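Novice: I have a structure here, written as structure tokens, and I will follow up with some questions on it.
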Amino acid sequence: MVIEVPRAAEREEVPVLDLSLLDRPGGLATLAAELRQACLNLGFFYVANHGVPGALSEGIFDVSRRYFALPLEERMKDLMDARFKRGFMPHGLSHSPGYDPDLKESYELALDLPLDDPDVEQGRLLHGPNHWPADHSWLRDVAEPYFYATMSLGQRLLSVFAVSLDLDPTYFEPFCNKPMMHMRLFHYWPQPVSGNDQLFGVRPHSDLGMLTILNQDPIGGLELRKRDGEWVGAPHIPGTFIVNIGDLFRTWTNDTYVSTPHRVINRTGKERYSVPTFFCLDYDTPVACLPSCLAPGETPKYPEIKAGEYVESRLKQSYRDPGQLHAA
């Protein structure tokens, strides 16, 4: 069965938030109200004037195209390591029961930590040093500053989320000392017209952490499932990133903010590139229902959990061991 091409989302469904408002009197409250409405609706919104330099937001695509144009045997030298989950992730390692492997490959990095860091020594997932290609320093030259620029953007958004939930603007700040976050450079092949409804660039899913900051190229292909089940496209808007909330907000807000399933179908016949930064707070951040999200007489729907424990349990369900690649 061939999946129908959805209509593009309207601005009322996926709004554009202008972050320059944060520099104006009363701007935080205005942005928080807009963000709250977006989260009550689809949980997706664009951000403009986000502070990430254009040279970085465009340059990350230049190095992505350059890296994925290298011969496969060259990229396999950077194969993702089983311990730190950094490096090249070939097609076939990202899987979900009931679906064919996603039509994509990626290069993965996270917060760069030394081996003697206490969290690294404890073996916590996503804590450790990055793995960079030995002969292609140009990838690190752009990807590393881009990673930290999007980390700063995520930190700026924390106050907006806090105020949207009737919290102090600084509520989340104490939990952002060593954020458990990672970034993926994605390369998608064109989707074959095969009628296979189990084959996607990325199969339908919701994101597992706090929020995702996505830089997508003009090719398009990101599709969102509305609450009524209709799928809509989220096209590229120049100069913006698209942001969506992750599953942790269900616990924080007692299902006031619910993450939205989304997928990627590359119908263009062209190669597609995107760069999501998955932003999450420190590993030991307590995630429990916020008092502002609990109405009189209600009880929390979800037990308290540490942010890192939740992310770790979900990620382990999504990755195959690199050593299994050639056994498939």
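The values are calculated or read from the model by the stated rules, or taken from the named source; none is laboratory data. All figures in this text were calculated on a predicted structure; none of them were measured in a lab. Quick reminder, even Gly has a Cβ in these numbers, built from the backbone with ideal geometry, and neighbours come from all protein chains shown. Just so you know, the surface numbers come from the protein's heavy atoms only, side chains and all, with ligands and any DNA or RNA stripped out. Shrake-Rupley method; radii C 1.70, N 1.55, O 1.52, S 1.80 Å.
Novice: Using only Cα atoms, figure out Rg for segment 139-258 and give it as a multiple of 2.2 N^0.38 Å.
Specialist: 1.22
Novice: Cα-Cα over 28 Å: which of LYS85/LYS226; LYS178/LYS270; LYS226/LYS301? Before the final figure, lay out the partial values.
Specialist: Numbers: LYS85/LYS226 32 Å; LYS178/LYS270 38 Å; LYS226/LYS301 23 Å.
In this structure, LYS85/LYS226; LYS178/LYS270 lie more than 28 Å apart at Cα.
Novice: Okay, moving on. Mind ranking 173-180, 86-93, 206-213, 68-75 by how tightly packed they are, going by the mean number of other C-beta atoms within 10 angstrom, highest first?
Specialist: 206-213, 86-93, 173-180, 68-75
Novice: Shifting gears a bit: For every helix of n ≥ 4 consecutive DSSP H residues, a contribution of -39,500 (n - 2.57) applies; sum these over the chain, divide by its total residues, and give [θ] at 222 nm rounded to the nearest 500 deg cm²/dmol.
Specialist: It lands at -8000 deg cm²/dmol.
Novice: I've got another one for you. Could you do me a favour and compute the accessible area per residue for segment 1-72, 1.4 Å probe, result in Å²?
Specialist: 52
Novice: Something else: Could you work out how much longer the chain between ALA288 and ASP23 gets when fully extended? Use 0.36 nm per residue separation minus the Cα distance between them, nm to one decimal.
Specialist: Answer, rounded to one decimal: 92.3 nm.
Novice: List the residues whose amide H sits under 5 Å from the amide H of LYS306, counting only those 5 or more places along or on another chain, with H placed 1.01 Å from N in the peptide plane.
Specialist: Residues meeting the criterion, in which the H sits 1.01 Å from N, are VAL287.
Novice: What's the center-to-center distance, using Cα atoms, between segment 1-68 and segment 255-315 in Å?
Specialist: The two parts, judged by their Cα centres, are 17 Å apart.
Novice: In nm, to one decimal, how far is the modelled label at ASP168 from the one at GLU298, with both set 7 Å along Cα→Cβ?
Specialist: 2.3
Novice: Starting from the exponent 0.38 and prefactor 2.2 Å, build the expected Rg for the chain from its residue count and divide its actual Cα Rg by it.
Specialist: The value comes to 0.97.
Novice: Skip the ligands, DNA and RNA, and give the accessible area per residue of segment 217-295 with a 1.4 Å probe, whole Å². Don't skip to the end; give the middle numbers.
Specialist: On the way: 2480 Å² over 79 residues.
Per-residue accessible area for segment 217-295 comes out at 31 Å².
Novice: May I pose another question? Give me the number: length gained by fully extending ARG227 to ASP81, i.e. 0.36 nm times residue separation minus the C-alpha to C-alpha distance, one decimal in nm.
Specialist: 48.8 nm
Novice: Would you calculate the separation in nanometres between label points at ASN41 and GLU144, each defined as 7 Å from the Cα along the Cα-to-beta-carbon direction?
Specialist: With each label point 7 Å from Cα toward Cβ, the separation is 4.0 nm.
Novice: Could I ask something else about it? Go through LEU22, LEU153 and list them by solvent-accessible area, largest first, probe radius 1.4 Å.
Specialist: So the residues, ranked largest to smallest area, are LEU22, LEU153.
Novice: What distance in nm separates the simple spin-label points at THR268 and ASP112, each placed 7 Å from Cα in the Cβ direction?
Specialist: 3.0
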